[in-house]
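What follows is a short report on a single structure.
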Amino acid sequence: MIVVLGISDPWISAAYIGCILAMLLCVVYGIINWNKGDEDEGGQISEEISWHDKEQEMEEKELGLWDEEG
Amino acid sequence: MDLLTLGIVVLIYLLLVLYVGYVAWKRTKSSEDYMVAGRTTHPYIMALSYGATFISTAAIVGFGGVAGVYGMGLLWLTFLNILVGIFIAFVFFGKRTRKMGHNISALTFPEFLSKRFDSRFIQYFSGLVIFVAMPLYAAVVLIGMARFVETTLGLNYNIALITMAVIVAVYVVFGGIRGVMYTDALQGTIMFFGMAFLLIATYWLLGGVVHANQLLSGMASMIPAAASSTGSTGWTSMPILGSPFWWTLVSTLILGVGIGVLSQPQLVVRFMTVKSNKELNRAVLIGGVFIAMMTGTAFIVGALSNVYFMQHSGQIAIQATGGNADTIIPLFIATAMPVWFAYLFMITLLSAAMSTLSAQFHVQGTALGRDIYETLANKTGGSSIMVARAGILIAVLIAVILGFILPANIIAEGTAMWFSLTAVAFLAMYVCALFWKRTTRQGAIAGLVIGTVYTVFSFLFINQKAAAALGISQALTGKVVLITTMPWPVVDPIVIGVPLVFIITIVVSLLTKPPSDEHLDKCFKDVG
């Protein structure tokens, strides 16, 4: 019987080692992609601006509604 | 432990939390700030907030105690927590959710689903499901925290309940999601160091990893009769295939946590708080290590506590605590660890509870404010923050009231019911929203409504534990459950519900008119 890390049941040692491997997967993935996936700044900014305008428009409309009511 | 010192340590901790909440409040101006932190959250804060929200005190003390009784088989749960709860969630769900959420300018999980399927009904119905079902789950965490403060600080339970609720409420109401996430990051950091020390110190104390594990393996014959009769074979071996404990382990694992975690509204919304995939890539690393250290430590230490108790008192852990699994971890800390660590561990547990509770309050508040009130009243924009704040206050009030009136038997069921309901109601719709363009509004709505009705009906009339705790079936029909033939009374609605809702969503979608290309282009712009 192979004893891994002092655990003889392979199902349990597999879980133990699986946890370590799953954690390492996250670590390696994070390191490899550390600087990848940046957004295109220009597009992002124009998107934000149009969005902000829309939100502001809604706010004004709503506040206007409130004025009429109150 | 000195009560005065502990009181001072807790006070310093609470002041720190409130200070961080104050900083968050100063940085919160728009509704985008309040709901998704302006979408500019640092990956460290995002990852720790996700992890600390995910892990409550119950995961550390409750499940750690279960590992003390049943052993290291629970490490499969940790494995899935990391692989599904972090890796798959961030890499495959998180990135798409973030980009799509940005394309359709969604601020909450129901709003995300609603705008993706172009249906306001989805928004207020999902908001309602969250707002009605979550108080049970929030009350469970709040009650756990109050009981813990009651036993450690010697405070009256009622006072503890109200004080803790008020403190969390203050920084959630004022700071919004920034308040929640900044304090989560602080609490997550404390939790990480607390649990890391506990793991290292325990192995150190017991003579190293291999030696300690071998000692525990050698104790297999001492497993209590109650545990072996349900299938347990030792602390470092799997339970007997098909035994009740094996079923609990496998079904809780794969269904409750493995699947349930993916469609948790309070976790999904965190994907929408970062600026780009770069932050999510970095958060995978931080989150993976964090989760491994949380539940991994709790299960390993819980199991190994048997070795320590055997060496020092000649009893296994569950005997040393007089039969109460919930006190295995606290007793082990109190007897085996240095005094200063006992203080740090108190703060660790307080952090775990507060970080989960704050997210629950926030998501309920935005569900009531943004998703229900604003959608039904046809108002969006300016008043979001005020309405969400009112919603949070109502959520806190409900949790406190439930904390006073809930019977003990419903407490344990609360979390399981919440996970089942969200998985059955939301998972199919969420997966289809992200990965299947052919999904139609009608398909999504059919799945959502039928899934919700099915789960609620199951809990009221079919599932033995839930139906007995809720008592509605008993009152209406005179029977605890309508069907007594096995295995129906013990089957969790998630087992049938999730596949059922997937089939309904897919079939109805195929039978109805596909969504317009224009809408899909908008949703899927730059996604994947």
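Observations on the structure shown:
- Qualifying residue in segment B:248-266 (condition: modelled with pLDDT of 85 or more, more than 30 Å from B:Ala106 (Cβ to Cβ) and crowded, with 21+ Cβ neighbours inside 10 Å): no
- Within segment B:121-149, the set of residues being of a type outside the set (Lys, Arg) and free of Cβ contacts under 8 Å to residues at least 24 places away in the same chain comprises B:Val132 only.
- Test: residue in segment B:315-334 that is of a type in the set (Val, Ile, Thr) and within 30 Å of B:Asp33 (Cβ to Cβ): no
- B:Ala201 vs. criteria part of a helix (DSSP H, G or I), surrounded by fewer than 21 Cβ atoms within 10 Å (Cβ to Cβ) and within 14 Å of chain A (Cβ to nearest Cβ): no
- Helices (runs of 4 or more DSSP H) enclosed by segment B:290-400 - at least 3 residues per element that are under 21 Å from the mean Cα position of the chain (by Cα): B:339-366
- Of the residues making up segment B:488-528, those that are part of a helix (DSSP H, G or I), modelled with pLDDT under 90 and among the aliphatic types (A, V, I, L, M) number 4.
- Scanning segment B:137-165 for residues that are assigned to a helix (DSSP H, G or I) and over 21 Å from the mean Cα position of the chain (by Cα) gives B:Glu150, B:Thr151, B:Thr152, B:Leu153, B:Tyr157, B:Asn158, B:Ile159, B:Ala160, B:Ile162, B:Thr163.
- Residue match in segment B:511-527 (condition: surrounded by fewer than 14 Cβ atoms within 10 Å (Cβ to Cβ), within 19 Å of B:Thr452 (Cα to Cα) and not small (Gly, Ala, Ser)): no
- The listed residue being over 23 Å from B:Thr348 (Cα atoms) and either away from every other protein chain (no Cβ under 14 Å) or polar (S, T, N, Q) (or both), out of B:Ala220, B:Ala169, B:Ala138, B:Ala133: B:Ala133
- Tally, over segment B:302-325, of residues that are touching a residue at least 60 places away in the same chain (Cβ under 8 Å) and closer than 17 Å to B:Thr236 by Cα: 11
- Residue within segment B:95-117 that is under 19 Å from B:Thr53 (Cβ atoms), within 14 Å of chain A (Cβ to nearest Cβ), outside any loop (DSSP other than H, G, I, E, B) and among the small types (Gly, Ala, Ser) present: yes
- Given (1) outside any helix (DSSP H, G or I); (2) at pLDDT 95 or above, index of the condition B:Gly127 fails: (1)
- Meets criteria (surrounded by fewer than 19 Cβ atoms within 10 Å (Cβ to Cβ) and either assigned by TED's automatic domain parsing to the domain that holds B:Pro265 or not in a helix (DSSP H, G or I) (or both)) for B:Thr485: yes
Quick grid of which residues meet (1) modelled with pLDDT under 65; (2) surrounded by 16 or more Cβ atoms within 10 Å (Cβ to Cβ); (3) within 30 Å of B:Trp76 (Cα to Cα); (4) more than 9 Å from every other protein chain (Cβ to nearest Cβ):
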site	(1), (2), (3), (4)
A:Val3	no, no, yes, no
A:Ser13	no, yes, yes, no
A:Ala22	no, yes, yes, no
A:Tyr29	no, yes, yes, no
A:Trp34	no, no, yes, no
A:His52	no, no, no, no
A:Glu55	no, yes, no, no
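The values are calculated or read from the model by the stated rules, or taken from the named source; none is laboratory data. Given the structure is predicted, the values throughout are model-derived calculations rather than measurements. Methodologically, a virtual Cβ is constructed for each residue, glycine included, from the backbone with ideal geometry; neighbour enumeration extends over all protein chains shown.
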